[in-house]
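One structure is given here, and the rest of the page talks about it.
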Amino acid sequence: MAANPAIETQNLSKIFGSGDGEVRALDDVSLVIGENEFFTLLGPSGCGKTTLLRLIAGFETATSGRLMLYGKDISDEPPYRRSINTVFQSYALFPHLTVAQNIAFGLEMLDRPKAEISRTVEEMLAMVRMEPMADRQTGEISGGQQQRVALARALAPHPKVLLLDEPLSALDLKLRKEMQRELKRLQVETGITFVFVTHDQEEALTMSDRIAVMNAGKPLQVGSPREIYDTPSNRFVAGFIGESNFLDAIISQANGERARLVMPGGTEVEAILPAHAPKSGAVTVAIRPEHIELLPESAPGTISGTVTETVYFGTDTHTHLQLENGETVVVRQPATREGQATREQGERVGIRFAEGAARVMDDTP
Ligand code: ATP
């Protein structure tokens, strides 16, 4: 994270309604978002992402807690007094105005001098590559182009922070990928702190400097895309970002950051033991499908299972297995030029975890 915090939420809670109808949309959220960061709030529908964004923008008031912008408490400042702009999912452009007029709108509201407005509009048009369309009405341009105009309009007053609420969800897949790269470029070029909301894990992984994975009004883990993917600290994060197998195990020995586990069927394996994870007893261990090796059942140190299904994806093959205790496991093997022997349904196999790939989860039973 950048040394200078741009946004700080301190024990922020938001409760909607009261009594039986009470919804705790945000539950004691303390986050620090650094200057120049591309920070993403990622989580399933209803986890509180939009509520947090609306609190930062000033469209909602917190039930408790404080909100700081560059060290200054802005909890009671109205939206227009915060140097924060929002790009909405619906773009919210004015269809009867031209592209250039839409971009100029916020600057005119701020009473900026005419010469400065036209200079900034030119600069923004170039930045989002929309110069040839400056005089078109926004009702007459494509969805992707509208998205660029919405971005240009929000960036024009040079806010300190730009909030983006699922801005790419209305675009088709190809355009969405193009706009993902475009957004990242704009963030790097302008140096503005971006707070991006999405429920799409791939979008979050490819664009963000850091991600907060949220569930039920709380960030469960905050870290770089690599940290979140490689070292998920709990079952929700491991299941939400990428795919994971979750297996029951018993810790037979804990030694610092390593544990020896007894797996179903009695096989012993090594696993990473994160600081907050339990150090003894029954635990859940997570392992990614691509970190499991498929071997003959007789191979030493493997966990035995039976193949229930093989699914071919072109780039890789997913083999579904059932272990002795009924637990299911998916193994993903990349395609090789030589091809791979496909495992038949009913075939007995052994699985082995790649070194350092199995992790004991914090929130194990
Ligand atoms: P989505 O991805 O579906 O937009 P989200 O993660 O952005 O979801 P929020 O919109 O922040 O979630 O909603 C969090 C919770 O607060 C949900 O249970 C939602 O129903 C509730 N909620 C949000 N706004 C209000 C409101 N104005 N009145 C009552 N409940 C609300």
- Whether region 243-360 is rounded, prolate or oblate, judged on the alpha carbon gyration tensor where a/c under 1.5 counts as rounded: prolate
- Message: For T50, T198, which order do you get if you count the other beta carbons within 10 Å of each Cβ and list the fewest first?
- Response: T50, T198
- Sorting T306, A134, N85 by the position of each Cα along the dipole of the chain (Lys, Arg +1; Asp, Glu -1; all at Cβ), the one nearest the positive end of that ordering is A134
- Order of F94, F313 from fewest to most other C-beta atoms within 10 Å? F313, F94
- Query: Just for the chain, what percent of DSSP beta bridges are antiparallel, to the closest 5?
  - Reply: 75 percent
- Query: Is region 9-165 rounded, prolate or oblate when judged by the Cα gyration tensor, a ≥ b ≥ c being the square roots of its eigenvalues, rounded requiring a/c under 1.5 and prolate requiring a/b larger than b/c?
  - Reply: prolate
- Message: Distance between the C-alpha centers of region 264-323 and region 105-138? Whole Å please.
- Response: 56 Å
- Message: Can you compute the helix-only [θ] at 222 nm over the chain? Use -39500 (n - 2.57) per DSSP H run of at least 4 residues, normalise by all residues, nearest 500 deg cm²/dmol.
- Response: -7000 deg cm²/dmol
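Report, in debye and to the nearest 20, how large the dipole of region 243-360 comes out about its Cα centre when Lys and Arg carry +1 and Asp and Glu carry -1 on their Cβ.
I would put it at about 300 debye.
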- What is the mean projected area of the alpha carbon convex hull for the chain, to one decimal in square nanometres? 23.2 nm²
- Size of charge dipole - region 5-235 - debye, nearest 20, with Cβ of Lys, Arg +1 and Asp, Glu -1, no other charges: 140 debye
- Identify all lysines with a Cα-Cα distance to K72 below 30 Å; exclude those on the same chain that are fewer than 8 residues away in sequence. K14, K49, K160, K184, K218
- Query: In which sequence would S280, S18, S13 go, from the one with the fewest C-beta neighbours within 10 Å to the one with the most?
  - Reply: S18, S280, S13
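Since every read-out is calculated from the coordinates, none of them should be taken as a lab result. Computed from a predicted model, the values in this text were never measured in an experiment. All Cβ positions, glycine included, derive from the backbone under ideal geometry; neighbour counts span all protein chains shown.
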